[in-house]
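To start, the structure under review is shown below, and the notes come after it.
The values are calculated or read from the model by the stated rules, or taken from the named source; none is laboratory data. It should be emphasised that the depicted structure is a prediction, and the values quoted were computed from it without experimental measurement. Note: ideal-geometry Cβ built from the backbone for every residue, glycine included; neighbour counts use all protein chains shown. Heads up: the accessible areas ignore ligands, DNA and RNA and are worked out on the full protein's heavy atoms, side chains in. Shrake-Rupley method; radii C 1.70, N 1.55, O 1.52, S 1.80 Å.
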Amino acid sequence: ADASNASNAADASGAADSSGAAEGTGGDSSSSDTPDPYILKRGSCIHEIFEGRDPETVCRKYSLMQDMETFTSYLAAFMDSDIMQDADVSWCELPLCSAAGEYRRCDRLVRKKDGSYVIVDYKSGKLSALSDELREKYVKQLTEYSEIVSPVLGEDVVPAYLYFAGDNAFLRIV
């Protein structure tokens, strides 16, 4: 797979060797119509911290002070990744509009030093716990993001990755 931090990366057909909960699964890899509220708060908190908001303020907002050190270490690992180390500039929470007029929000669009672009979507869980159902959902989501931004940026295909904060792993989707 063409992914940063190759030791912690996989492509859409493989998984890194680690264990834990995938985001939105309520702590296991089974599907659920109602995700665990803690998992939802955790994901929202991590997203806000990755956007550059103050970790202490964000963790207080979500009553997750006990997780602040962990979330701060997730951000440090992400910022130390090959993708972010090669970034010239990046945009967080980028609004997108599909050809059908539907609005989406890209977690991060990165312009690398060589002028190419990469899409990154954050997940708070671990890659190894990713269910087939969620994998399918994420493939559809990131494919759509790439299809929206590629022609705007004059690219054939903008690569898109999932980033699993729980084990500092990237999964290339597009």
- Query: Can you tell me which residue in the range 157-174 is least open to solvent (accessible area, probe 1.4 Å), limited to those that are part of a loop (DSSP other than H, G, I, E, B) and within 16 Å of K112 (Cα to Cα)?
  - Reply: V158
- Message: Residue pairs, Cβ under 8 Å, 6 or more apart or interchain, first in the range 58-87 and acidic (D, E), second part of a loop (DSSP other than H, G, I, E, B) and surrounded by 14 or more Cβ atoms within 10 Å (Cβ to Cβ). List them.
- Response: D82/S4; D82/N5; D86/S4
